[in-house]
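Student: Got a structure for you, written out below as structure tokens; questions coming shortly.
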Amino acid sequence: MRIVQLVPSLDEGELAQEALEFAVELARLGHESAVISAGGTLVSRLTLHNCQHFELPLNQRRWLNGRLHRKLRQQVQALDAEILLCRGAQCAWHGAQAWKRLPAGSRPRLVTSVHQWPTTGLFRKRRANAALAQGELVLSASDDLGQQFSQRLTDTAKVRTLYRGVNTRELDKNASVSGHWHHRLLNDFPQLEERNWLLLPGPIGPGRGQEQFLELLAVLKQERQDIFGLIVGEILPGQEKFVRALERRAETMGLSEYVLFLGPRRDMRELYASARITFDLSGDHGAGQRSSGRVVAESLAMGCPAVALGGTGAELLKRCFPQGAVADSGAGNAKDRVEALATVAVDILRRSGPLNFSGLSLTETTSRAVEWFNDLQAVSAE
């Protein structure tokens, strides 16, 4: 099957990374896989894995752009695409404009992908948002998002939930953690020895959960002196002052011996494998960000229990590790949420329940999407 993805760009970011992983897995499964985008740092990784890339400025926000749509139409025709997968509202708009001008008998099947709820509503103000609904198949990043989307559509059957899969060849829980890695980490940070590591991965900035994590550590250390928090991730652009304020706050809260800011790391597999619990706190209803579920899925893939406040992370936990889903996390004040987190964390540290990761590997999610694409092709185009 020839599958072409439209992505605004292949610079770093969750949308670009997901498109890359999906394209590479398609090629590994024997399909013809191509991406059209404005380019970016991930292009070299894409082409290294037998995927094609074609550069067009799909990140442009000019909705009436006849020249771009003409070039896109010509490129899709040249590739003889069978599936045109448009990721996000912007690419759905550009893709739909090119697609509807293709000869009806030679059009690929149009698939759109929804990763977050448009801030202006699905059909209000921005025409690009409404383009998401034009997909003959709509892939939703979560059940909750899919349900919101379905409420605005007459044909709800075309909405399917497709979680972002985890590459279990890279995050392989059966591969051992080398003693050399562990010894080196303890040499660098001797305060980690004989502690239970609590992991908070993700970009560092307002609304990303680091402040709640410090509050959680302050509560937990009253009951467990053996816990230690690891904040892992890059600083978001322009948030250096925020990080310095976090560090000062940790010291003021008496957490100097209970938390480390490790910065961005390339050894996440080892950290997941060695941690007792991974936290995803960006799903807090009071925060500006919603959990994408990536951190939770990766942690569960490595067999590490996870805890999430909301968003897709909490949705995954209800399916795979209910013990980590914090009940009613949107209710009450911040203190109530931290106490609820602490209760769940202590319970997991005492005895972790069963964990089920089935269906969430990259191979499984990609194969499921291909099945849906095949079903779509089997239905005659109108």
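Student: Could you point to the label whose value was computed as Rg and Dmax of the Cα atoms in Å for the structure here, given (i) 19.5, 65; (ii) 22.9, 86; (iii) 22.0, 68?
Tutor: Checked against the structure: label (iii).
Student: Next question. From the phi angles alone, apply the Karplus equation (6.51, -1.76, 1.60; θ = phi - 60°) to the stretch 336-353 and give each ³J(HN,Hα) in whole Hz, x where the residue is Gly or Pro.
Tutor: Ordered by residue, 3J(HN,Hα) equals 4, 5, 5, 5, 5, 4, 4, 4, 5, 4, 4, 4, 5, 4, 6, 7, 7, x Hz.
Student: Per-residue HN-Hα couplings for the stretch 180-191, Karplus 6.51 cos²θ - 1.76 cosθ + 1.60 at θ = phi - 60°, whole Hz, x for Gly and Pro?
Tutor: 5, 4, 5, 5, 5, 5, 5, 5, 6, 9, x, 5
Student: Rolling a 1.4 Å sphere over the protein heavy atoms, what is the accessible area per residue of the chain, to the nearest Å²?
Tutor: Heavy-atom SASA per residue in the chain reads 47 Å².
Student: Keeping every protein chain in place, order Trp117, Trp93 by accessible area at 1.4 Å, biggest value first, i.e. largest first.
Tutor: Correct descending sequence by accessible area is Trp117, Trp93.
Student: Roughly how far apart, in whole Å, are the Cα centres of the stretch 1-57 and the stretch 124-184?
Tutor: 16
Student: Let me ask something additional. Give the ranking of Thr252, Thr156 by solvent-accessible surface, highest area first, calculated with a 1.4 Å probe.
Tutor: Largest to smallest exposure gives the sequence Thr252, Thr156.
Student: Give me the count of lysine pairs in the chain whose alpha carbons sit under 22 angstrom apart, restricted to pairs 8 or more positions apart or on different chains.
Tutor: Lysine pairs, 8 or more places apart or on different chains, close enough: 5.
Student: If you don't mind, another one. In the stretch 169-278, which GluC sites (Glu not before Pro) are in a loop and have at most 13 other Cβ atoms within 10 Å, using DSSP for the loop call?
Tutor: For GluC sites (Glu not before Pro) across the stretch 169-278 that sit outside H, G, I, E and B with at most 13 neighbouring Cβ atoms in 10 Å, the list reads Glu170, Glu193, Glu194, Glu257.
Student: So, one more: For the stretch 302-326, list residues with backbone N below 15 Å from a point placed 7 Å from the Cα of Arg350 toward its Cβ?
Tutor: So the set is 323-324.
Student: Calculated from DSSP H runs of 4 or more alone, at -39500 (n - 2.57) each and per residue, what is the 222 nm mean residue ellipticity of the chain, nearest 500?
Tutor: Calculated at 222 nm, the ellipticity per residue is -12500 deg cm²/dmol.
Student: Let me ask something else. Using a 4.7 Å Cβ cut-off, which Cys residues in the chain lack a partner cysteine?
Tutor: Cys51, Cys304, Cys320
Student: Run the 1.4 Å probe and let me know the accessible area of Leu216, rounded to the nearest 10 Å².
Tutor: Spelled out: Leu216, probe radius 1.4 Å, area about 0 Å².
The values are calculated or read from the model by the stated rules, or taken from the named source; none is laboratory data. Computed from a predicted structure; not experimentally measured. Because the Cβ atoms are built from the backbone with ideal geometry, glycine has one as well, and the counts that use them run over all protein chains shown. Heavy atoms of the whole protein, side chains included, go into the accessibility calculation; ligands, DNA and RNA do not. Shrake-Rupley method; radii C 1.70, N 1.55, O 1.52, S 1.80 Å.
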